[in-house]
Structures are given as C-alpha cells and as structure tokens.
Amino acid sequence: MNDTELGEPSALDLEFRGLPLLDSPWSVRFARATRGRRALEVYNNGLLLDVMVQTDFSPQLLRGARRGSREGRDSVLAWGHVCPDGTPPALTLGRAGTPLLGAITTPGGFWLALAEGDAARVIAHAPDGTPTKLRVRAGWSR
C-alpha cells in the first residue's frame, strides 16, 4: 500500500510562512518502511540525503541540517523527529541564535524547518530547554 492510497501525497509541496519548498533546492517525500511504518525522505536537488523512519524509541530531535542554493537564493533546511509531546522543537540558527522559521510537523512524527539565508549551525531546543546542536553541511555532502 502506498501513501496515495492512504490519502496522503507521496511528494510534499510544503510552504513555510511564504517560502515554498518548491522554490528551494529541497524536496521531501513520504515512503513506507518495514512493518508499515511511515518514512520521510529528504532530497537536495534530487539527491537523497536522509530517510527518517517513524519510531517509538528515543528518536533524534534534530536529525539533519543542510544549506543549499537555487537560482542565487540560499536556504537552510533542518529536520528531525517531534518532541515526546508531539510538537516540533524551538529552533535557532547560528551563534547569534536567530530564530528559524517555525517548524511544521508531518504525519509519522517528523518536523521540517526552512529558512532563507545561510548558517553554520542549527540548535534545537527541547521542551525542557535542553539544546541539541548540529553543524549545517552543504546539501550534497555526506
């Protein structure tokens, strides 16, 4: 059974407060993992970067962060699993702590956040205030 049969699109055309994902180098797609669990695939210009699988075990709050450019517009995409209460973490960019656009959640317990510009670091703040830091890598790097 695919996600379209479940009433979900397989490709996500998301908009982050006026910044559509389609105007960036990023794309995401729902998939199915073993035992029927949801999965979310993250792409940069068509290259698969990551696959997150729905889990009940201590998922990574902040799983990935990449920077990229399309038609001269820089952007940063960050993603991970939602907090235990089902909400996305609060997110900031760089050492200055610039707030990242509010994350959106998707079925399966995932979140995604997109921001225009460039940054070297993303910080996810759990509900208890615990920060998780991740270096922002180039979109195509491993």
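Filtering Leu47, Leu61 for residues that are touching a residue at least 40 places away in the same chain (Cβ under 8 Å) and touching a Gly at 6+ places or on another chain (Cβ under 7 Å) leaves a single hit, Leu61. For segment 75-83, the criterion of a residue being touching a residue at least 24 places away in the same chain (Cβ under 8 Å), under 16 Å from Ser27 (Cα atoms) and more than 9 Å from the chain's Cα centre (by Cα) is satisfied by at least one position.
For segment 85-122, a residue qualifies if it is over 13 Å from the mean Cα position of the chain (by Cα) and free of Cβ contacts under 8 Å to residues at least 24 places away in the same chain, and the qualifying residues are Gly86, Ala96, Thr98, Pro99. Filtering segment 33-48 to residues that are under 28 Å from Ser75 (Cα atoms) and of a type in the set (Lys, Arg) leaves only Arg38. Considering segment 82-105, the residues that are among the aliphatic types (A, V, I, L, M) and closer than 27 Å to Thr55 by Cα include one that is modelled with the lowest pLDDT, namely Leu101. Does Gly7 satisfy the condition of being over 15 Å from the mean Cα position of the chain (by Cα), modelled with pLDDT of 80 or more and not aromatic (Phe, Trp, Tyr)? So Gly7 fails the test.
The values are calculated or read from the model by the stated rules, or taken from the named source; none is laboratory data. Everything quoted here is computed from the prediction, not taken from an experiment. Neighbour counts are summed over all protein chains in view; Cβ atoms, including those assigned to glycine, are modelled from backbone coordinates with ideal geometry.
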